[in-house]
Amino acid sequence: MTIRPARPSDAAPLVALRRTVFPYLVRGEAATRRTLVTPPPGSSMASFVALSGSGAVVGFAAAFKNTSTTSRYAGQISLLHVHPAFRGRGHGSALLAASISHLRSLGLRDLRGYALPSSLPFAAARGFTASREVRYSGLGLSAPLPPAPALPAGYTLAPVSAISDRALFAAEAAGVADEPGDVAPDALTFEGWRYDVWEDPGLDKEASFVVLSPAGEVASLSLLQRDGDRCWSDMTATLPGHRGRGLARLAKTAALTRAAATGATMAYTSNDASNGPMLAINTRLGYRPAASTWSALITLPA
């Protein structure tokens, strides 16, 4: 077993590994390689891979500072996973140790990660406490979607390609301000958002939609990431002053319909288990449960 920093050349095997362990996650080679070459600004991200005796990539973890929040748990361990055929051999423990060591070097002791239900005993044995459930859902796109609500008078529907990055940033920042979770995105910056969203190679700006208010401002949005015939609803939100009009369902229906028309066959998304309004929209659209994970928190000893 070998643990080493991830390299850009690992992108393809990492995507294959991720699809094996998390078939409901959607992130292609270009987006994966970009993160390895140029991590998010200010994050001090370190990514690690575990290699088998033959040199194959069989595990991964990333550790970084979450710069979008001032909340306590800014240390993040992301996507720690090991191929099922190689579990129980210490790869996961070694990846976790490397991640924690990196975060300690950044002065971070309050850490957050995510664990599959089957991995919660692994996390608990290492001092993590389960916090919040995240539910993943999937939707086949071969059948027509349920009809979308009618556009309210004065509102218009447009692809994200028709608006500016600044307009979309302002809308998303306002739309996610009250999204449930362990940490609040109260330090979201345009630079960080532009890297994470606007410049992401997977963002399909023609299949991502906004609803514009009568004043021409973004009232609702539904962003779609693509990797071939699979897509991921990266964010769907309606700004507080425009809620209760069916705009989120309208925008998401438009996004999924466009994705299906351009070759997408499967769509996935995730939501905090307490996000009842968005879960209800997804159920109405036909999404069905695919998996769940739990956030896991720890404060390292000084």
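Just so it is clear, none of the values below were taken in a lab; they were calculated from the coordinates. Everything numeric here is computed off the predicted structure, so don't read it as measured data. Counting neighbours? That spans all protein chains shown, and the Cβs are built from the backbone with ideal geometry, glycine included.
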TODO: Compare the peptides 25-34, 109-118 by average per-residue count of other Cβ atoms within 10 angstrom and give them in order, highest first.
DONE: 25-34, 109-118
Task: Rounded to 10°, Cα long-axis angle of helix 11-21 versus longest principal axis of the chain - done: 80 degrees
Task: Lys, Arg +1 and Asp, Glu -1 on Cβ, resulting dipole of the chain about Cα centre, debye, nearest 20 - done: 720 debye
TODO: Could you rank the peptides 282-295, 143-156 by their average count of other C-beta atoms within 10 Å per residue, with the highest value first?
DONE: 282-295, 143-156
TODO: Putting +1 on Lys and Arg Cβ atoms and -1 on Asp and Glu Cβ atoms, find which of 143, 167, 228 reaches farthest to the positive end of the dipole of the range 143-258.
DONE: 143
TODO: Would you mind calculating the relative contact order of the range 183-291 from Cα pairs under 8 angstrom and at least 6 residues apart, reporting the percent as a whole number?
DONE: 21 percent
Task: Gyration tensor verdict on the range 138-291 (Cα atoms; rounded if a/c is under 1.5, prolate if a/b is larger than b/c, oblate otherwise) - done: rounded
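If you put +1 on each Lys and Arg Cβ and -1 on each Asp and Glu Cβ, how big is the dipole of the range 138-291 around its Cα centre, in Debye rounded to 20?
Values: 12 positive and 17 negative charges, 158 e Å.
My answer is approximately 760 debye.
Give the peptides 208-216, 123-131 in descending order of average Cβ contacts within 10 Å, highest first. Intermediate values should be presented prior to the final figure.
Working: 208-216: 19.3, 123-131: 15.1.
Taking the mean over residues of other Cβ atoms within 10 Å, the ranking is 208-216, 123-131.
For residue 199 and residue 131 in one chain, what is 0.36 nm times their gap in residues minus the Cα-Cα distance, to one decimal in nm?
Details: separation 68, 0.36 × 68 = 24.48 nm, distance 3.13 nm.
Working it through step by step, the gained length comes to 21.4 nm.
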- [ ] Mind running the shape call on the range 51-139? Use the C-alpha gyration tensor, a ≥ b ≥ c as the square roots of the eigenvalues: rounded below 1.5 for a/c, prolate if a/b tops b/c, oblate otherwise.
- [x] oblate
Open item on the list: As I understand it, the value is the acute angle between the Cα axis of helix 165-175 and the longest principal axis of the Cα atoms of the chain; what does it come to in degrees, rounded to 10?
Closed with: 80 degrees
Task: Residue-count net charge about residue 79 - beta-carbon cut-off 14 Å; Lys, Arg +1, Asp, Glu -1 - done: +3
- [ ] Rounded to the nearest 500, what is the 222 nm mean residue ellipticity of the chain from helices alone, with -39500 (n - 2.57) per DSSP H run of 4+ residues and division by all residues?
- [x] -8000 deg cm²/dmol
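Expressed as a rounded percentage, what relative contact order does the chain have, with Cα pairs under 8 Å and six or more residues apart?
Details: 592 pairs, mean separation 71.6, N = 302.
Relative contact order, the chain: 24 percent.
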- [ ] Evaluate the relative contact order of the range 1-87 (contact order divided by residue number), counting alpha-carbon pairs under 8 angstrom at least 6 apart; express in whole percent.
- [x] 29 percent
Task: Beta bridge orientation in the chain: antiparallel %, DSSP, nearest 5 - done: 90 percent
Open item on the list: Using each residue's phi in the range 92-97, evaluate 6.51 cos²θ - 1.76 cosθ + 1.60 at θ = phi - 60° and report the 3J(HN,Hα) Karplus result to the nearest Hz, with x for Gly and Pro.
Closed with: x, 4, 5, 5, 5, 4
TODO: Quote to one decimal, in nm, the extra length available between residue 105 and residue 284 on full extension: 0.36 nm per residue of separation minus the C-alpha distance between them.
DONE: 59.8 nm
Task: Within-13-Å neighbourhood charge of residue 41 [Cβ basis; K, R +1; D, E -1] - done: 0
Task: Formal net charge of residues neighbouring residue 108 (Cβ-Cβ distance under 11 Å; K, R +1; D, E -1) - done: +4
